[in-house]
Amino acid sequence: MAMISIAVISTAVLVSAIGALLFHDSDTPLTFFVLGDSQGYQGGIEVVAETADEEKPAFVFHTGDLTPFGQENQYQAVEDALADLQVTFHATEGNHDIRLGGGFRFVERFGSANYSFDVNGAHCAVINTSSGDMSESEIRWFERDLSESQAEWKFVFTHMPLFNPVSGIDHTLSNLTTAGRLIEIAEQTGVDAVFAGHLHLFNLTEKNGVKYAVSGGAGTSLYGNETSGGIFHYLNVTLDGNELSIEPVLLPAPSFERDSFVLRGSGEDVVLTVRDLQVMNQVEGFSSFQNQLGNWRGQGTYRGVAFSDILEIIGGLGEDSNLIVRASDGVEQAFSYSNVYPNETWTELQGPMVLAYSYNGTLVPAWEDGLRLVMMPEDGMYSNEDCEATSEPGQGYNVYASAGARWLRWVAVIEVVAAT
């Protein structure tokens, strides 16, 4: 009886051994690495690539969400992180990777997200669940591919888990009928393990003889604490004879440069950089603010992107939500729906709410106060009176009577939260 052994890297991660009645048909061990959901953070990819070059696994597999929203520069950043990798790299696309034409860019670099390959006595089938569904032809291909394989061991790789392994989190395919069909195919064709990402944690679950491993901790913010699998990690998978081991290996917690920030929403979490902002719709103009003493500061020309456009990456901001903007030094400000989407009156007083990355032509990080939240009214002057008139109860001027306090510098996190 082959055993699935899990090496517990952190004592708080609770996992257990699982068995399978299968045998490897090769005397040579097969090892591969699995990671997922880096979403624009390249540090985890770089660590995995360096480790792979040292330990020489058969391949490295990324289960998707390599990018924040599928842009050319974002895919190039992934390629740069993989530039020195000396082993085979495979990937499937995630829901973030296909945004804004990103699906075509993925195919240009990595090929189809539905494919299969054989390595050292094992068959690996890759399916594209980035849209939350699959076409009938894709499902039929998946079933035929696995049915025709004579390999003793069969592995499946995809982005979205085929079911929710953690209660209280809805992170599976949007088409539950398709998800059920894929599970049935996996069971009927003798699949041994399904590897997925999308859920930002580590989880290993057995269901009707099939092991389902989730690895979504390569850099984006985690769901849950260590006890529930919330660790930054990749998987070291080894098939040796009749024994399969799946080990979560800890990665260093992400550290971000000043030219990047985290955009966080319900079920969405991406890392964006100045280069990402530069390919979006631009806002440029002169502005300034008034400090608590009534003095004018910050006079200059700013260039950036409206928060309303940035938030579209994660589905926008609802009228029943607030926006929390945090700086790298821990200071934060809360903003309402009306700040992000101002009506005519508020537009006159505050203008668009902009995340600026350039001041008088100087880019972050050379611009020491950026990334910076900037209000850009047409008259170029965000006064204390303007701030008071555009602050909801419990926010802004009502907390600290200064227009300048709203102009948060060193922005590190932008997070959508429920209004209280």
Taking the chain as a Gaussian network, where each spring joins two C-alpha atoms under 10 Å apart, which residue of Ala403, Ala52, Ala83 fluctuates the most?
Ala83
Taking the chain as a Gaussian network, where each spring joins two C-alpha atoms under 10 Å apart, which residue of Asn225, Asn242, Asn322 fluctuates the most?
Asn225
Here, Asn398 and Arg140, labelled 7 Å along Cα→Cβ, have an inter-label distance in nm of 6.0
Return the long-range amide H neighbours of Gly64 (sequence gap of 5 or more, or a different chain), with a cut-off of under 5 Å between placed amide H atoms.
Asp37, Thr92
Largest first and in whole Å, what are the equivalent-ellipsoid semi-axes of the chain based on the Cα gyration tensor, each being the root of 5 times an eigenvalue?
46, 20, 19
For Ser167 and Gln86, calculate 0.36 nm times their separation in residues minus their Cα-Cα distance, and state this gained length in nm to one decimal.
25.3 nm
Can you give me the Cα centroid spacing of the range 58-95 and the range 320-349 in angstrom?
34
The chain - share of DSSP beta bridges that are antiparallel (%, nearest 5):
70
Label the range 2-250 by shape, choosing from rounded, prolate and oblate, from the square roots a ≥ b ≥ c of the eigenvalues of the Cα gyration tensor; if a/c is under 1.5 it is rounded, and otherwise prolate applies when a/b is larger than b/c, oblate when it is not.
rounded
Based on other C-beta atoms within 10 Å, arrange Ser336, Ser215, Ser131 from fewest to most.
Ser131, Ser336, Ser215
Kirkwood-based Rg/Rh on the Cα set of the range 39-92 evaluates to 0.95
Which order do Val279, Val354, Val237 fall in if you start with the one that has the fewest other Cβ atoms within 10 Å?
Val279, Val237, Val354
Expected 222 nm ellipticity per residue - DSSP helices of 4 or more, -39500 (n - 2.57), all of the chain, to 500
-5500 deg cm²/dmol
If every Lys and Arg gets +1 and every Asp and Glu gets -1 at its Cβ, then about the Cα centre the range 338-386 yields a dipole, in debye to the nearest 20, of 280
What's the local net charge at Arg297, with K and R +1, D and E -1, over the other residues with C-beta under 15 Å away?
0
How large are Rg and Dmax for the range 254-336 when only the alpha carbon atoms are used, in Å?
14.6, 42
Connecting every pair of Cα atoms under 10 Å apart in the chain and solving the GNM, the largest mean-square fluctuation among Glu148, Glu226, Glu388 falls on Glu148
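Where a number appears in this text, it was derived from the coordinates with a stated rule and is not lab data. Everything quoted here is computed from the prediction, not taken from an experiment. When we count neighbours, we look across all protein chains shown, and the Cβ atoms used for this are built from the backbone with ideal geometry, even at glycine.
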